[in-house]
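Below is one structure, written out as structure tokens; comments come after it.
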Amino acid sequence: MPQTNRRNPLTPFGWKVTRALDQHGMTIQDLADEIGCHRSLVSKIMRDQAKSEPCKQQIIKLLGLEESNRIAS
């Protein structure tokens, strides 16, 4: 079972990213390195604690998430 942070739970987008990372055999650090964003920013995007549309779009593109999976920011 995935770990959750009770204070800052993952958003639906964050869960989709988590599942996609697992399917690709990647970590958040791998994703961050690939898209050129800091690991903590990726994590915050997944928890809706930070807004960075450019990084979010790169996450969607790299992991092959469909446009319909986008969560309005």
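The values are calculated or read from the model by the stated rules, or taken from the named source; none is laboratory data. In this text the structure is predicted, and so the values were computed from the model without any measurement. So basically every Cβ, Gly included, is an ideal-geometry build from the backbone, and we count neighbours across all protein chains shown.
Any idea which residue in the stretch 63-73 is modelled with the highest pLDDT, counting only those that are outside any helix (DSSP H, G or I) and either surrounded by 16 or more Cβ atoms within 10 Å (Cβ to Cβ) or of a type in the set (D, E, K, R) (or both)?
L65
What are the pairs, 6+ residues apart or on separate chains, where a residue within the stretch 28-47 that is touching a residue at least 12 places away in the same chain (Cβ under 8 Å) has its Cβ under 7 Å from a residue that is surrounded by fewer than 19 Cβ atoms within 10 Å (Cβ to Cβ) and basic (K, R)?
I28/R39
Just to be sure, is K16 touching a helix residue (DSSP H, G or I) at 6+ places or on another chain (Cβ under 7 Å), surrounded by 14 or more Cβ atoms within 10 Å (Cβ to Cβ) and either under 16 Å from K61 (Cβ atoms) or at pLDDT 95 or above (or both)? Steps first, please.
Working: touching a helix residue (DSSP H, G or I) at 6+ places or on another chain (Cβ under 7 Å): yes; surrounded by 14 or more Cβ atoms within 10 Å (Cβ to Cβ): yes; either under 16 Å from K61 (Cβ atoms) or at pLDDT 95 or above (or both): yes.
Yes, satisfied.
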